[in-house]
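This report refers to the structure that appears directly beneath it.
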Amino acid sequence: MTAYHHGSLAVQDRVGVRDAAAHVGRSIGPGIKPVAAAFLELQPMLVLAAAAPDGRMWTSLLTGAPGFVRATGPHTVSVAVEDASHPARDLPAGTPVGTIALDPRTRRRMRLNGIASPSPRGLTVEAERVFANCPKYLQKRELLDPAPVTPAAAPAARRTPHLTPDQRAFLRAADTFFIGTGTADGVDASHRGGNPGFVRVASPSELTWQDYPGNAMFLTLGNLERDPRTGLLFLDWETGTTLQLTGTARTDYTDTGRTTRFAVDEVVETPAASPLRWSPPSYSPVNPPVPQGTQQ
C-alpha cells in the first residue's frame, strides 16, 4: 500500500508540499513497533472512526483501564469493549476503521488504521497504516480520579437533526475534537486542536474551522477530496459527555489559507459517556490566535 492516494496527492500539489509529504510519508507502515505497542498499552482511551451500515461516518470514544488496548502481534491490536451497547461491539468482520490514541498528559498521539473484526474482548484491528504525529495543537491535561460508578443509569443519549443552543455554546468553547473520514482505500481518525473559538458555529447545521499547518500529509483533506462523509467527536473533558456529529465536509482553498466546512446530518449527545475526568487545559504554545468577532 502506498503512503498516499490521489486525493492526498492532489492537496499536497495544490499547497506545494509534495516533497515534504513524501519525506514524512516514509514513517507510515503496517507494523506496530515496540515503542508504539508500549504507548498503546498505557492509554485509557482510544478514538475510533468507522462507517455505519447506512454509510454515514461516525467517530466514537472507547475507554478502559490501561491495557484495554494492546498489541497482540506485530500487526494486530486487541481492544476491550466493556460497554455491550457501544457500536464498536457490532462492527461486522472486515470493517475498515481508523483509530487515534492521544495522551493529553504527554502531548503524544499515534494513529493506527486497518480492518476490524469482532473478538471475545470486543474487537481486533489488523493494522495497515501505523504512524505517530507531532504534538502540534495538543492541549496538555492531567488525568484526575475517574467518576464514581453508581447504580443509577446515565441519562440516555439524545439524538437531534441539528445543534441545540447549548450544544452550539459547547462547540464554541471547544479546544479539541476528533475527525473521522474515509474512502474505498480505508478510514482515518485524526485530531484538530486550537484555542477556544477555533471551531466556528455558522448555524445550527454548519460548523467551520481553519485548517492549521501540520505534517504535510493531508490525509483528512485528501479523503475529503474523494468522499465528503465525515464524523466528528467532541469531548467534555471535565464531565465525560460526548457530542458526536455525522455529516459531510468540504474544504475551501484561498490565498490566505484553508477552511473546512461541515454540514450536520445528525447529532448524538451522550452524558457521562466517559468515566475519565481531566484537568483544565494548558494550551499548546503553537495554537494560533483566534480572531475576535468570528462567532455567531
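Quick notes on this one:
- Looking only at residues of the range 212-234 that are open to solvent by 40 Å² or more (accessible area, probe 1.4 Å) and out of contact with any helix residue (DSSP H, G or I) (no Cβ under 6 Å at 6 or more places or on another chain), we find that the one that is nearest to ALA116 (Cα to Cα) is ARG229.
- When residues of the range 96-113 are limited to those that are out of contact with any Lys or Arg (no Cβ under 6 Å at 6 or more places or on another chain) and not charged (D, E, K, R), the one nearest to LEU143 (Cα to Cα): THR106
- Condition broken by GLU128, with the remaining ones in (1) crowded, with 17+ Cβ neighbours inside 10 Å; (2) more than 23 Å from LEU245 (Cβ to Cβ); (3) modelled with pLDDT under 95 satisfied: (3)
- Among (1) farther than 26 Å from ALA156 by Cβ; (2) touching a residue at least 40 places away in the same chain (Cβ under 8 Å); (3) touching a strand residue (DSSP E or B) at 6+ places or on another chain (Cβ under 7 Å) - the single one PHE218 does not satisfy: (3)
- Evaluation of LEU243 against the conditions (1) outside any loop (DSSP other than H, G, I, E, B); (2) among the hydrophobic types (A, V, I, L, M, F, W, C); (3) open to solvent by 20 Å² or more (accessible area, probe 1.4 Å) shows that the sole unmet condition is (3).
- The residue pairs whose first member lies in the range 165-176 and is without any contact (Cβ under 8 Å) to a residue 60 or more places away in the chain, whose second member is open to solvent by 50 Å² or more (accessible area, probe 1.4 Å) and not in a helix (DSSP H, G or I), and whose beta carbons are closer than 7 Å, counting only pairs six or more residues apart or on different chains, are ARG168/PRO204; ALA173/PRO196.
- Within the range 18-39, residues that are aliphatic (A, V, I, L, M) have Cβ atoms under 6 Å from residues that are assigned to a helix (DSSP H, G or I) in these pairs: ALA21/GLN12, counting only partners at least 6 apart in sequence or on another chain.
- Within the range 100-115, if we keep just the residues that are part of a strand (DSSP E or B) and out of contact with any Asp or Glu (no Cβ under 8 Å at 6 or more places or on another chain), the residue that is nearest to THR76 (Cα to Cα) turns out to be LEU112.
- Summed over the range 172-211, the residues that are modelled with pLDDT of 95 or more, open to solvent by 30 Å² or more (accessible area, probe 1.4 Å) and not hydrophobic (A, V, I, L, M, F, W, C) give a count of 10.
- From ARG26, ARG105, ARG70, ARG56, residue being at pLDDT below 95 and of a type in the set (Lys, Arg): ARG26
- Meets criteria (closer than 27 Å to VAL268 by Cβ and either out of contact with any Cys (no Cβ under 7 Å at 6 or more places or on another chain) or not in a loop (DSSP other than H, G, I, E, B) (or both)) for VAL97: yes
- Checked against (1) surrounded by 14 or more Cβ atoms within 10 Å (Cβ to Cβ); (2) farther than 16 Å from TYR253 by Cβ; (3) at pLDDT 95 or above; (4) of a type in the set (A, V, I, L, M, F, W, C), VAL35 passes all but a single condition, namely (1).
- Here GLY31 fulfils each of the conditions (1) in a loop (DSSP other than H, G, I, E, B); (2) within 20 Å of the chain's Cα centre (by Cα) apart from (2).
- Residue in the range 272-285 that is surrounded by fewer than 17 Cβ atoms within 10 Å (Cβ to Cβ), aromatic (Phe, Trp, Tyr) and under 25 Å from LYS140 (Cα atoms) present: yes
- Answer residue from the range 68-94, given it is over 17 Å from the mean Cα position of the chain (by Cα) and assigned to a strand (DSSP E or B) and is farthest from LEU233 (Cα to Cα) among those: GLY73
The values are calculated or read from the model by the stated rules, or taken from the named source; none is laboratory data. Small disclaimer: the values here were computed from a predicted structure and weren't measured. For neighbour counting, all protein chains shown are included, and Cβ atoms are generated from backbone atoms with ideal geometry for every residue, glycine included. Heads up: the accessible areas ignore ligands, DNA and RNA and are worked out on the full protein's heavy atoms, side chains in. Shrake-Rupley method; radii C 1.70, N 1.55, O 1.52, S 1.80 Å.
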